[in-house]
Amino acid sequence: MEWLKQMNLKKSFFCLILIFLLIAIILSILVFLGCSKIQQTIAPAISIDIENNKLTSDLETDSNRSINTWYNVLNIIQIALPVIFIIVALLAADIVFYHIKLKQPLAILENGAEKIMRNDLDFTIKKYSDDELGSLCTTFESMRCELLKSKKELWRQVEERKQLNAAFSHDLRNPITVLKGAIKILEKGFLNGKITAQNAQDNLNLIDKYIKRIEIYVKNMNTVQSLEDVQCVLESTNWNTFVEEFYESIHLLVEGTDIDVLINIEKENSIVWIDKAIILNVAENLITNAIRYTKTKIQIDFSLNKNEIILSIQDNGVGFPEKILKHGTEPFIRGEEINRHFEHFGLGLYICQLMCKKHGGVLELQNNFTGALCKAKFYICKKT
């Protein structure tokens with residue numbers, strides 16, 4: 001009956017009606033012929049009075065009356081059975097049509113509708129046939145796919161917003177750490193009486209600079225919809241001035257720790273077009289990571305190389321775990337916490353990689369015989 005499944009509803013219903021009516025007609029003809037033959041067999045025993053239009057028996061016997069009764073019954077059968085056959089044929093055609101053409105597609109659609117009502121879209125609506133209900137199944141499947149796509153997009157936006165909020169919290173810690181370091185220096189200076197007006201002014205200027213940086217960062221994060229929306233804004237910057245700002249940030253990040261920090265910064269009297277916020281953001285994240293996992297020391301190299309800035313941070317810790325080397329730049333990937341004092345979300349390396357790409361560069365992670373090594377590269381426009 002596969003040919004019938006692929007036929008449209010109107011044609012298939014007509015074909016079934018026609019088939020069953022033909023069967024009913026054939027059966028009716030067979031019944032009519034059968035009854036006629038039986039009547040012909042018993043006819044010699046019956047005399048028909050044409051004038052009175054009634055049946056009379058040659059012999060008024062019970063046998064003749066019985067034959068007469070059967071004759072009448074056969075007449076009734078010849079009329080009644082064809083009608084019954086036609087009615088049964090129509091009913092049978094309806095039942096077969098329902099089971100072949102309607103039952104399975106309707107069950108598929110009903111089951112699909114129930115799952116969608118339960119917000120379960122992880123299923124497939126199969127096309128049962130090539131008729132109208134098959135097209136409806138296809139349309140239903142398309143609707144399910146669109147709903148699933150919309151749900152995934154909504155979920156992606158929610159996850160993206162979670163990442164953005166977590167990144168926002170994560171990145172605020174670094175400038176706050178710098179501010180705390182500056183405040184501690186001021187407190188120590190006031191307590192031991194060694195602070196000068198110039199030192200105090202320098203620290204106040206640094207605090208003011210980082211407060212403005214936080215304000216800009218908060219403003220930007222309120223306007224972007226995802227981390228990918230963060231823009232790289234290049235500004236003309238004196239390299240030596242930027243290096244001094246970079247050095248101050250490192251000094252304040254390691255303030256109060258027992259970590260030995262070796263810094264190698266190449267100075268050059270050049271004007272470069274860079275986004276200072278992005279580079280400092282990456283540097284502070286990587287240095288904070290190194291402080292978290294190193295044993296005793298960190299080595300930082302910061303240099304200009306043709307059209308790129310290279311920031312290299314080496315620690316003497318245990319190195320990156322395998323999953324960090326494979327998936328470290330994906331969000332929420334974390335290694336084992338060595339120092340439980342530092343809480344983090346597994347977003348630092350992801351943010352660094354993203355910011356490096358925004359600046360036309362890349363983040364490279366590797367292990368060597370000393371420990372973990374991070375290299376952040378940023379493309380620049382350089383003017384001597």
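Bear in mind these aren't lab numbers, they're just calculated from the coordinates by the rules spelled out. Keep in mind it's a predicted model, so treat the numbers as computed, not measured. So basically every Cβ, Gly included, is an ideal-geometry build from the backbone, and we count neighbours across all protein chains shown.
Using 0.36 nm per residue, how much length does the chain from THR296 to ILE84 gain when fully extended, once their Cα-Cα distance is taken away?
Working: separation 212, 0.36 × 212 = 76.32 nm, distance 10.08 nm.
Contour length minus the Cα-Cα distance gives 66.2 nm.
Treat each spin label as a single point 7 Å out from the Cα along the C-beta direction, and report the LYS10 to ASP122 distance in nm.
Placing both labels 7 Å beyond Cα along the Cβ direction yields 4.3 nm.
List, in order, the whole-Hz ³J(HN,Hα) value for each residue of the stretch 189-196 obtained from phi through the Karplus relation with A = 6.51, B = -1.76, C = 1.60 and θ = phi - 60°; use x for Gly and Pro.
Along the stretch 189-196, the couplings run x, 5, 5, 8, x, 9, 7, 9 Hz.
Quick check: the distance between the Cα centres of the stretch 101-164 and the stretch 300-325, to the nearest angstrom?
A separation of 48 Å, based on Cα centres.
Order of TYR210, TYR128 from fewest to most other C-beta atoms within 10 Å? Show your work: numbers first, answer last.
Numbers: TYR210 23, TYR128 20.
Fewest-to-most Cβ neighbours within 10 Å comes out as TYR128, TYR210.
Pop out the ³J(HN,Hα) list for the stretch 251-260 in order, Karplus 6.51 cos²θ - 1.76 cosθ + 1.60 with θ = phi - 60°, rounded to Hz; leave Gly and Pro as x.
Per residue, the Karplus-derived 3J(HN,Hα) values read 4, 6, 5, 8, 4, x, 9, 9, 7, 8 Hz.
Would you mind getting me the FRET efficiency between ASP130 and GLN40? Use the beta-carbon distance for r and R0 = 35 Å, nearest 0.05.
Values: r = 52 Å, r/R0 = 1.49.
Once rounded, the FRET efficiency stands at 0.10.
Separation between the LYS267 and ALA113 pseudo-spin-labels, each 7 Å from Cα along Cα→Cβ, expressed in nm?
7.9
Could you list TYR293, TYR247 so that the one with the fewest beta carbons within 10 Å of its beta carbon is first and the one with the most is last? Before the final figure, lay out each step's value.
Working: TYR293 21, TYR247 14.
Fewest-to-most ranking of TYR293, TYR247: TYR247, TYR293.
On a full-extension model of 0.36 nm per residue, what is the gain between VAL233 and SER150, subtracting their alpha-carbon distance, rounded to one decimal in nm?
Values: separation 83, 0.36 × 83 = 29.88 nm, distance 3.31 nm.
Full extension from VAL233 to SER150 adds 26.6 nm.
Note down the nm distance, to one decimal, between modelled labels 7 Å out along Cα→Cβ at GLN201 and at ALA92.
Taking the simple label geometry, GLN201 and ALA92 are separated by 11.0 nm.
Calculate, in nm to one decimal, what THR139 and ASN307 gain on full extension: separation in residues at 0.36 nm each, minus their alpha carbon distance.
Values: separation 168, 0.36 × 168 = 60.48 nm, distance 5.48 nm.
Using 0.36 nm per residue and subtracting the Cα-Cα distance, I get 55.0 nm.
Using the Karplus curve 6.51 cos²θ - 1.76 cosθ + 1.60 with θ = phi - 60°, what ³J(HN,Hα) values do you get for each residue of the stretch 350-363, in whole Hz, with x for Gly and Pro?
Karplus-based 3J(HN,Hα) across the stretch 350-363 equals 4, 5, 4, 4, 5, 5, 4, 4, 4, 9, x, x, 7, 10 Hz.
Sort THR237, THR294 so the one with the fewest other Cβ atoms within 10 Å of its own Cβ comes first.
Values: THR237 18, THR294 24.
The order, fewest Cβ neighbours first, is THR237, THR294.
Once amide H atoms are built 1.01 Å from N in the peptide plane, which residues 5 or more positions from ILE298, or in another chain, come under 5 Å H to H?
Those qualifying (amide H under 5 Å, at least 5 residues apart or on another chain) are ASP260, VAL261, LEU262.
Can you list the residues, at least 5 places off or on another chain, whose amide H is less than 5 Å from the amide H of GLY319, using H built in the peptide plane?
Those lying under 5 Å, H to H, from GLY319 are ALA372.
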